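Below you'll find the structure, written out as C-alpha cells, and then a few comments.
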Amino acid sequence: MIDLNPSHMQRSAAIDMLHAALENMPRSEEKRREYVGASSIGGPCERRVQYDFMGAEYDPGWRHSARTMRIFQRGHMLESAAAIWLADAGFRLTQTGKDGRPIGFSVAGGAFRGHVDRVITGGPDGLEYPLLWEHKALGQKSWASIAKHGLAKAKPEYADQVALYQAYLDLTSPALFQATNADTMEVHFELVPFDKVRAQEASDRAAGIIADTRAGSLRPRCTDDETFWACKDCPFRKRCWG
Ligand code: SF4
C-alpha cells in the first residue's frame, strides 16, 4: 500500500537519516593494533590474528556495524560499573602501576601485549591478594554457558587471556573472573587457579604467529568452509578466500 501521509513520510526519512548518521559516525575504537593482543590469541582463527598483526587492510567497505560498536562500548561501560560495585563493597582495585601506566605486559619486542582490566590489591578476607580481575559483559546465552560449565570449558579464549596475564604479571593467586549478564544484570563470579600449561600454550601460539608473520608465512585458515561463523564477519574474508 502506498503511504500518502506526507508527515509520516517525513518522519520515516528523518528516522532513516538518524540511523544512517549513527552508522557513519567516526569511530575511534577502530584504531588498529600493531601487536598481537592477549585478548585475541584464544580466538577461533590464527590467520585472522596474523592479518591484524601484519596491519593488512580490511576488505574494501568492511567495517563493524554501529550496533557491534555499541556492544563493545556496553562492555567498557559495564566493566567500569562492575569495578565500582566491587570498590563500594570494600575491595581495592587498580588499573595502573606505580608509574601511572596501565598494568599489562609487553614481550617479543612489543609484538605481544596485553592490559588487565584491574588488579585487586586488597579487600575482605577470603581472597589471596593481589589478584587479577577480569570482567566480561555478556548476553544471556554466553553468560549462562559460563555460569553452568565454568570459564575454561565455556570460553577457553577468556581462560587463555586470564592465564597469560597471571603468568606475565606474576599474579599467580587465583584470579577473579566476573561476568555480568547484560540482559538480566546477574553477576557470575569464578575464581580461576593459575593454569601454567594453558599460559604456556597460549604464549607459544602467539610466538608462532609472530614468527610466521615475520617470516612471511601465512597460518592455515581455521576452516575449509567460507561460510563458517568466524569467517562471516571477518574483515579479511575476501583477502583470505579470494
Ligand atoms: S576469513 Fe575465516 S579463515 Fe580467513 S582469516 Fe578470517 S576467520 Fe580466518
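At 1.4 Å probe size, with the rest of the protein present, what percent of the exposed accessible area of the chain is carbon and sulfur atoms?
Heavy-atom surface of the chain belonging to carbon and sulfur, 1.4 Å probe: 54 percent.
Would you kindly state how much longer the chain becomes between Trp85 and Arg239 on full extension, computed as 0.36 nm times their sequence separation minus their alpha carbon distance, in nm to one decimal?
51.0 nm
Under 15 Å Cα to Cα from Lys155, which aspartates and glutamates show up? Leave out anything in the same chain fewer than 8 places away.
In chain and number order, the partners are Glu134, Glu190, Asp195.
What does a probe at Ser106 reach in segment 150-171, counting residues whose amide N is under 20 Å from the point 7 Å along Cα→Cβ?
164-171
May I ask you to give the solvent-accessible area per residue for the chain, in square angstrom, as obtained with a 1.4 angstrom probe?
It amounts to 58 Å² per residue over the chain.
Can you compute 3J(HN,Hα) from phi for each residue in segment 209-224, using the Karplus curve 6.51 cos²θ - 1.76 cosθ + 1.60 with θ = phi - 60°, rounded to whole Hz and x for Gly and Pro?
5, 5, 5, 5, 5, 5, 8, x, 10, 7, 6, x, 5, 7, 7, 9
Quick one: length gained pulling Glu201 to Asp59 fully straight, 0.36 nm per residue minus the C-alpha distance?
Using 0.36 nm per residue and subtracting the Cα-Cα distance, I get 48.1 nm.
Mind grabbing the base-10 log of I(q)/I(0) for segment 1-145 at q = 0.14, 0.20 Å⁻¹? Debye formula, identical points on the C-alpha positions, no solvent, two decimal places.
-0.93, -1.39
Can you give me the long-range amide H partners of Lys136? Hydrogens built in the peptide plane at 1.01 Å from N, cutoff under 5 Å, separation of 5 or more residues or another chain.
Excluding prolines and chain starts, which carry no amide H, the hits are Gln178, Ala179, Thr180.
From the phi of every residue in segment 61-75, what ³J(HN,Hα) in whole Hz does the Karplus formula 6.51 cos²θ - 1.76 cosθ + 1.60 yield, where θ is phi - 60° and glycine or proline is x?
Rounded to whole hertz, the list is x, 7, 7, 4, 5, 4, 5, 4, 4, 5, 5, 4, 5, 4, x.
In deg cm²/dmol, rounded to 500, what helix-only [θ] at 222 nm does the chain give when every DSSP H run of at least 4 residues adds -39500 (n - 2.57) and the total is split over its residues?
-13500 deg cm²/dmol
For a quick check, take a GNM of the chain with Cα springs below 10 Å and name the residue from Leu132, Leu18, Leu164 with the largest mean-square fluctuation.
Per the Cα network of the chain with a 10 Å cutoff, Leu18 tops the list.
Would you work out if segment 117-200 is rounded, prolate or oblate? Take a ≥ b ≥ c from the square roots of the eigenvalues of the alpha-carbon gyration tensor; rounded if a/c is under 1.5, else prolate when a/b is larger than b/c, oblate otherwise.
It is oblate, given that a/c is not under 1.5 and a/b is not larger than b/c.
Assuming R0 = 35 Å, can you tell me the calculated FRET efficiency for the pair Gln140 and Ser217, based on Cβ-Cβ distance, to the nearest 0.05?
Approximately 0.30, to the nearest 0.05.
Can you work out the FRET efficiency for the pair Thr96 and Ala21, with r the C-beta to C-beta distance and R0 = 41 Å, to the nearest 0.05?
For Thr96 and Ala21, the calculated efficiency is 0.70.
Over the alpha carbons of the chain, what is the largest minus smallest coordinate on each principal axis, giving the biggest first in Å?
69, 49, 38
For segment 163-214 and segment 85-155, what is the separation of their C-alpha centers, rounded to whole Å?
9 Å
Given R₀ = 45 Å, FRET efficiency for Thr172-Ala66 by Cβ-Cβ distance, to 0.05?
0.65
Past 26 Å, Cα to Cα: identify those pairs from Lys136/Lys196; Lys153/Lys232; Lys148/Lys232, in the order given.
Where the Cα-Cα span goes over 26 Å, the pairs concerned are Lys148/Lys232.
Given an 8 Å cut-off on Cα distances and at least 6 residues of separation, report the relative contact order of the chain as a percent.
Contact order relative to length: 23 percent.
So which residue, out of Thr68, Thr96, Thr121, gets the largest mean-square fluctuation from a GNM of the chain using Cα contacts under 10 Å as springs?
Its mean-square fluctuation being the largest, the pick is Thr68.
Extension gain His115-Met185, at 0.36 nm per residue separation less the Cα-Cα distance, in nm?
22.7 nm
The values are calculated or read from the model by the stated rules, or taken from the named source; none is laboratory data. In this text the structure is predicted, and so the values were computed from the model without any measurement. No Cβ is skipped: glycine too gets one built from the backbone with ideal geometry, and neighbour counts run over all protein chains shown. Note: areas computed on protein heavy atoms with side chains; ligands, DNA, RNA excluded. Shrake-Rupley method; radii C 1.70, N 1.55, O 1.52, S 1.80 Å.
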